[in-house]
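Taking it in order: structure first as structure tokens, then the write-up.
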Amino acid sequence: MLSLEGLRAGYGRVEALKGVSLDVRPGELVTLIGANGAGKTSTLKAISGLLRASGGRILFEGAEIHRLTPREILRRGIAHCPEGRRIFRTDARAIREDLERVCTYFPILAERLRQVAGTLSGGEQQMLAIGRALMARPRLLLLDEPSLGLAPALIETTFRIIREIRQRGVTVLMVEQNAYVALRMADRGYVMETGEIALEGPAGDLIENAHVKRAYLGG
Amino acid sequence: MEEFLQHILNGLILGGTYALLGIGLTLIFGIMNVVNFAHGEFYTLGAYTTFLFLALLETNFFLALLGAVASGILLGAICERLLLRPLLGESIDTTMLVMIGVWIAMQNAELTLWGGVAKSIDHPFPQPPLTLGPLSVAPLRLFVLGAAVLLIAGSHLLIHRTRLGRAMRATFQDRETAALMGVDIHRIHTVTFAFGSGLAAGAGALLGPVFVVYPAMGDPAALKAFVVVILGGLGNFAGATLGGLILGIAEELGAGYISSGYRDAVGFAIIILVLLLRPSGLFARAERVG
Ligand SMILES: Nc1ncnc2c1ncn2[C@@H]1O[C@H](COP(=O)(O)OP(=O)(O)O)[C@@H](O)[C@H]1O
Ligand SMILES: [Mg+2]
């Protein structure tokens, strides 16, 4: 469905991606893990068109997309839920309207969010951000650290919603710091180190991998 | 007291057009991160286009005003497409230098085209002032105020009530996320620059018949626009509107009670005070478009 072939990209003279190759097949939940600064966010930005590729290719359903604008990429069916939620701070009325629209797409959110008045908590903002990405009815959803900054109970809810999204037939590529949880729920995983893919394989194998255990699973 | 009210009315008339200038400049800065030194030239363009329509094409006065706004929109869009779009993502200094170039080029083009002699614009309004109780006002000036209020209200509706306006506000808040939501950032930039330039041209078209038209008339207008933007807070639509009115009134009061020679000094005194005491603008809660 999606494949990156030797993708290179950077910011000015900083090269953030030094030839990244990865694949996501239809229906899969694939996770991309790695330390801070490894290039995970940059990978997602390159896929959604926010970061220009300086080399390599990105193919979505067989067609090259790395020269398209973010809008065109969204139209093809890839939605990107950015790191840090990036909710538009605006007046409470507008947020409530957005919430209601999100809920029509994703009823599970309704239960959570009917309670909301005015300002949103971190968890609610994350639901809103995911729901907002779903409003484009994407076939591929890119999630950047959905559990970042959430309380443990909310992390669980968030992951439950992601599993549901996947069950509804949306393919998911998810970046996570929380490597253990991410690998437990994913089909396959990629481990990224300083702009390159260091390891890849079925998620179950990566959990057992000695290097992954030492570097990302705390023992 | 009557004299004071008269100054306030005159200040509102002047301030309405300052607000138009300021709204355009603040939107361009807020959404595009471009310091538009050529803003005053679009004001001049509006005044000369009005003159062109009336004196050379001999059209109706109101049609000439529409033509002036259209000329600002058109040249603004061309300017954005040809000069600013290729520089998207470059530093603010780069685009600022380019806009200084546009300023010089446009002003000299006007000088070449129209010559240095000031021109006056005819208008269909009767000369004798209307008296409203203790106040008196020339019908033309009353029309200028009404037209400015209409343009400001229209701009407000565009920004707060339309999909396009929502996309503009989203781009101002977070360009990357707006792009991820499917907002066409290029289009928003073209629209913003064309819109801001159209408002500046409208202000020039309205004040052209009140004063006279000459190639360098945009320079003081651009200065006023910058004062208004600093007063109102960068990217703040309501702030620019209020800032424009405040500047207009302050200038009239300064000219009336101190000396007419101090008119422009009042604006600079205000800007210095604001920068010292409230550098993010008089109305800053958060900097925002809207
Ligand atoms: N906007 C930016 N400007 C310059 N360098 C950046 C920018 N964003 C990220 N980088 C650099 O690119 C590299 C990869 O960053 P990122 O993709 O955010 O990593 P991750 O998401 O894995 O933490 C880092 O070295 C980071 O410093
Ligand atoms: Mg990241």
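The values are calculated or read from the model by the stated rules, or taken from the named source; none is laboratory data. Please read all numbers here as calculations on a predicted model, not as lab measurements. Cβ: placed from backbone, ideal geometry, glycine included. Neighbour counts: every protein chain shown.
What the table below lists for this structure:
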quantity	calculated
Of residues in the stretch A:11-34 being near ligand 1 (Cβ under 7 Å from one of its atoms) and of a type outside the set (Val, Ile, Thr), the one nearest to A:Pro146 (Cα to Cα)	A:Gly34
In the stretch B:147-193, the residues that are surrounded by fewer than 20 Cβ atoms within 10 Å (Cβ to Cβ), under 19 Å from B:Tyr43 (Cα atoms), in contact with a helix residue (DSSP H, G or I) (Cβ under 7 Å, 6 or more places away or on another chain) and of a type in the set (Gly, Ala, Ser)	B:Ala147
From B:Leu247, B:Leu223, B:Leu231, B:Leu253, residue being over 26 Å from B:Lys119 (Cα atoms) and surrounded by fewer than 24 Cβ atoms within 10 Å (Cβ to Cβ)	B:Leu253
Only listed residue being within 12 Å of chain B (Cβ to nearest Cβ) and within 26 Å of A:Gln125 (Cβ to Cβ), chosen from A:Arg76, A:Arg86	A:Arg86
Some residue of the stretch B:2-19 being outside any loop (DSSP other than H, G, I, E, B), farther than 19 Å from B:Thr192 by Cα and polar (S, T, N, Q)	yes
Matching entry among A:Ala46, A:Ala35 (being more than 10 Å from chain B (Cβ to nearest Cβ), within 16 Å of ligand 2 (Cβ to nearest atom), surrounded by fewer than 21 Cβ atoms within 10 Å (Cβ to Cβ) and closer than 24 Å to A:Asp187 by Cβ)	A:Ala35
Residue match in the stretch A:74-84 (condition: at pLDDT 95 or above and closer than 18 Å to A:Arg8 by Cα)	no
Residue among A:Arg137, A:Arg163 that is part of a helix (DSSP H, G or I), away from ligand 2 (no atom under 16 Å from the Cβ) and under 21 Å from A:Met1 (Cα atoms)	A:Arg163
Members of the stretch A:1-32 that are over 24 Å from A:Arg75 (Cα atoms), without any contact (Cβ under 8 Å) to a residue 60 or more places away in the chain and either within 16 Å of ligand 2 (Cβ to nearest atom) or assigned to a helix (DSSP H, G or I) (or both)	A:Gly10, A:Tyr11, A:Val14
Top-ranked residue of the stretch A:49-69 - restricted to ones that are β-branched (Val, Ile, Thr) and part of a loop (DSSP other than H, G, I, E, B), ranked as nearest to the other protein chains (Cβ to nearest Cβ)	A:Thr69
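So that you can scan it fast, the table gives a plain yes or no per residue for (1) within 14 Å of another protein chain (Cβ to nearest Cβ); (2) modelled with pLDDT of 95 or more; (3) not in a helix (DSSP H, G or I):
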{"site": "B:Leu157", "(1), (2), (3)": "no, yes, no"}
{"site": "B:Arg166", "(1), (2), (3)": "yes, no, no"}
{"site": "B:Ile188", "(1), (2), (3)": "yes, yes, no"}
{"site": "B:Phe193", "(1), (2), (3)": "no, yes, no"}
{"site": "B:Ala201", "(1), (2), (3)": "no, yes, no"}
{"site": "B:Gly204", "(1), (2), (3)": "no, yes, no"}
